[in-house]
Amino acid sequence: MSTNAFYSNKNEAYITYPGNDLGYTYTPESTTFKVWAPSAEQVLLKLYTTGSFYEEGAQVIGIKQMLYDATTGVWSATIDGDLHKTYYTYVIKTEKGTHETQDVYSKAVGVNSARSEIVDLASTNPEGWENDRHVLLDKPNDAIVWEVHVRDFSSSDTSGVSREHRGKFLAFTEKDTVIPFTCFPTCVNYLKKLGVTHVQLNPVFDFGSVDEITGVEYNWGYDPVNYNVPEGSYSTDPYHGEVRIREFKEMVKALHEEGIGIIMDVVYNHVFSTKDSPFEKTVPGYYFRMQDGKFLNSSGCGNVTATDKIMFRKFMIDSLRYWTEEYHIDGFRFDLMACHDIETMNEIRAELDKIDKRIILYGEPWTANDGENGISGEDCCNKANAKKLSSRIGMFNDDMRHGIKGGSDDDSKGFIQGSTHSAYNVIAGMMGASSVTFGNWANEPSQCVTYASAHDNLTLWDKILKSNWCSDFDTTDELYIRQNELSAVLVLMSLGISFFLAGEEFARTKQGDHNSYKSPDSINSINWTRAVRYRKLVDYYKGLIRIRKAFSPLRDNTTKAVNDGYIVYNGQSISLTLRNTAEGEWKMLSVIINNSDNPCQPQIKSQYELPESWVILADKDEAGTEAIGTFSPDMQVSPRSALVIVDKESYDKLSAAKE
């Protein structure tokens, strides 16, 4: 980002400010407030005793005229005394009218976001916070990501979480939870045993679609109000902003203590309400892309933010740094990333690299309305432009997703249901979308997020049932479980970053609801008893995760494994064979997927010498790092199943070394 306060381009109507002190700067002796509002004619600072007008004791305790610096576009004021837990707003007068608003750079707010709050952030740190450390992996492809909604995680009474913490940040702090009256693990206790490296949390910043007072409504949370504030409905006390901050940090610390990183789902592409947004009230018409006086709508939510403008780009960078440094967040997933311009995303990568290059970044390489983006197609962050982005900015591979299971909401079939038409997308996806031969929109596999399901659309299980015309969501029919297992193989035995929806590994259902963003808990909550009913499927995922962690070429973030690998499709099965030069690991691995109704003879090829004998680590029944049999070239692969095999010589040597 330019450090020149006077820098301007064709999108800039105002002088811009590069300083890092927007919002408030607190000390016990005084607090300084700064707001960038170059179009304002007057700005007043108002201080309040409470976060909303309807709380007991609510009153104004001070009003101060802020001073304007014409060289920076910034209004400022300093108030003496200790303002910790004091609430404030700005009253901003422009040619568009006079509006009272919370601070664009709010760090804390009162209930339902009405007023900003001054908080001594040091006082919100839980015990031992100074020793909390990021969970950062050497390569992005080391990540195995489990996507979950905070409320879904624990709101069910099957979660074993205490009633006061269900659906809250603090549910993640409860250890050794089990399904009531059993010893079967749930929540974080379950995640430790599953083996995932990260949870991706659906939006946890302050959003506007749930009343924090009643907490009755449900929403995924893709409705941003205050980007730098944790959501109040996930706290035990939404009235006092410092509480949600402390509880969020306690969640982070608890996950980090178990070696699990946190990827935060961020939605910088739009806001909940354009006219009510502090962005629009502070500098009308600046922070959003507009055409002929109307807000553009590539987000599909009534507005799209102007990431190509200096001060919103700066806001994004400031915000991401804040979450990384203040809350110890380990990575970010960008909603509708194609709404953002390439320059902004590359600058974000460069800025976060200054903190740590291992911070994970990836996003959705699409918009909701392509024709209303406000930037050229050459400048947006979609797959067509992936090679203009840093290789460490990943993108969801929707081609692989459709190849695996067919369309996300219809009854079409993909590879796991027996389709041969989707094999090409699957093959390209297994190579991390980085193969010159099979398709390479990605620079490297580090740019490819491999997945079959996410919070959007039908769950994988519901999609499998719909494509097989089955309406029994509790069925244990082996055919459907096999198809789920094949999806797991394709996600976890492919190059790229592995990602799956929470509960995908135990046939999670939303009763066929393909768009459950505001459906009740009865649809969205994780029913932990399914992890018992489909325990064999859970164990299969666990075993594949162990294999992935043990064989580094599957996690190679460069094109070395792509170039060393060899993939064969014979019309009935796909086999991917990878060589390994790392010490202390198996030397060769092959994964074979038969998607047909008949047994098949696999074809295993490599540009390197194939081993004389193999051992089987995964078949139609089980998976793991211990041999479950031997493989011979004349062996057939069972219908709708997979084999994962490794060379016997290195397997035997490593096994002997462990004894």
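Here, each number is a calculation from the coordinates, and none is a lab measurement. Computed from a predicted model, the values in this text were never measured in an experiment. All Cβ positions, glycine included, derive from the backbone under ideal geometry; neighbour counts span all protein chains shown.
Charged neighbours of Met316, selected by a Cβ distance under 13 Å, balance to -2 (K, R count +1; D, E count -1). Pairwise inverse Cα distances across segment 158-237, averaged and inverted, put the Kirkwood hydrodynamic radius at 13.9 Å.
For segment 386-399, 3J(HN,Hα) computed residue by residue from phi via the Karplus equation (6.51, -1.76, 1.60; θ = phi - 60°) reads 4, 6, 8, 9, 3, 5, 9, 10, x, 9, 5, 8, 5, 4 Hz, glycine and proline entered as x.
Return the FRET efficiency for the residue pair Asp370, Ser522: r is the Cβ-Cβ distance, R0 is 25 Å, and the value is rounded to the nearest 0.05. According to the calculation, E is roughly 0.10. Annotation for Leu654 and Ser613: the two label points, set 7 Å from Cα along the Cα-Cβ direction, are 1.8 nm apart. Across segment 23-124, Cα pairs under 8 Å and at least six residues apart give a relative contact order of 31 percent.
Computed over segment 509-556, the P(r) curve from all C-alpha pair distances, binned at 5 Å from the origin, holds 5, 18, 16, 13, 14, 14, 12, 7, 1 percent per bin.
Taken over the Cα atoms of segment 399-529, the convex hull encloses 100 Å³ per residue.
With helices as the sole contributors, the chain gives -6500 deg cm²/dmol at 222 nm; each DSSP H run of n ≥ 4 counts as -39500 (n - 2.57), and the sum is divided by every residue. Summarising the overall dimensions of segment 265-385 from its C-alpha atoms, the Rg and Dmax are 13.9, 42 angstrom.
Residues Phe205, Phe473, ranked from the fewest to the most other C-beta atoms within 10 Å, line up as Phe473, Phe205. Of the Cα atoms belonging to segment 23-124, the radius of gyration and Dmax stand at 13.2, 42 Å.
Spin-label pair Gln601-Thr476: with each label point 7 Å from Cα along the Cα-Cβ axis, the two points sit 3.7 nm from one another. Reducing segment 479-538 and segment 67-140 to their Cα centroids gives an inter-centroid distance of 39 Å. Applying a DSSP loop filter and a limit of 14 other Cβ atoms within 10 Å to the chymotrypsin sites (Phe, Trp or Tyr not before Pro) in segment 605-659 leaves Tyr608.
Tilt of helix 478-492 relative to the longest C-alpha principal axis of the chain, in degrees (0 to 90, nearest 10)? Orientation of helix 478-492: about 70 degrees from the principal axis.
What the phi angles of segment 336-347 give under the Karplus curve with 6.51, -1.76 and 1.60, with θ = phi - 60°, is a coupling list of 6, 5, 5, 6, 8, 8, 4, 4, 4, 5, 5, 5 Hz, glycine and proline written as x.
The amide H of Tyr88, built 1.01 Å from its N in the peptide plane, has Tyr48, Ser116, Glu117, Ile118 as neighbours under 5 Å, considering only residues 5 or more places off or on other chains. Note on segment 487-568: percent of Cα-Cα distances in each 10 Å bin, starting at 0 and stopping at the bin with the largest distance, equals 16, 37, 27, 17, 4. Looking at segment 508-569, the trypsin sites (Lys or Arg not before Pro) that sit in a DSSP loop and have at most 16 other Cβ atoms within 10 Å of their own Cβ are Lys518.
Decide, for segment 68-216, between rounded, prolate and oblate: order the square roots of the alpha carbon gyration tensor eigenvalues as a ≥ b ≥ c, take rounded if a/c falls under 1.5, and otherwise choose prolate if a/b is larger than b/c, else oblate. Cα axes put segment 68-216 in the prolate bin. For the chain, a crude dipole built from +1 on the beta carbon of Lys and Arg and -1 on the beta carbon of Asp and Glu, taken about the Cα centre, is about 820 debye to the nearest 20. Put in line by how crowded their Cβ is, counting other Cβ atoms within 10 Å and starting with the fewest, Met290, Met588, Met251 read Met290, Met588, Met251.
Going out from 0 in 10 Å bins, what whole percent of all Cα-Cα distances in segment 554-658 drops into each bin? So the P(r) values, bin by bin, are 15, 48, 32, 5, 0. Listed from fewest to most Cβ neighbours within 10 Å, the set His84, His328, His340, His198 follows the order His84, His328, His198, His340. When the charge dipole of the chain is built from unit charges on Cβ atoms (+1 for Lys and Arg, -1 for Asp and Glu) and taken about the Cα centre, the candidate among Ser116, Met345, Gln65 whose Cα reaches farthest toward its positive end is Met345. The alpha-carbon atoms of segment 254-326 define a convex hull whose volume equals 116 cubic angstrom per residue. Take the Cα of Glu326, step 7 Å toward its Cβ, do the same at Thr25, and the gap between the two points is 1.6 nm. For segment 97-152, trypsin sites (Lys or Arg not before Pro) are listed when DSSP marks them as loop and at most 12 other Cβ atoms sit within 10 Å of their Cβ; the list is Arg133. Couplings for segment 614-623, taken from phi via the Karplus curve 6.51 cos²θ - 1.76 cosθ + 1.60 with θ = phi - 60°, read 10, 10, 9, 9, 9, 9, 6, 10, 8, 8 Hz in order; Gly and Pro are left as x. Taking amide H positions as modeled 1.01 Å from N, with prolines and chain starts lacking one, the residues under 5 Å from Asp265 and 5 or more places away or on another chain are Leu201, Val204, Arg333. Size descriptors for segment 203-287: radius of gyration and Dmax over Cα atoms are 14.2, 45 Å. For segment 551-622 versus segment 309-326, the inter-centroid distance based on Cα atoms is 43 Å.
The residues packed around Glu130, meaning those with a beta-carbon under 15 Å from its beta-carbon, carry a net charge of -2 if Lys and Arg are +1 and Asp and Glu are -1. Note: the chain, Cα convex hull, 153 Å³ per residue.
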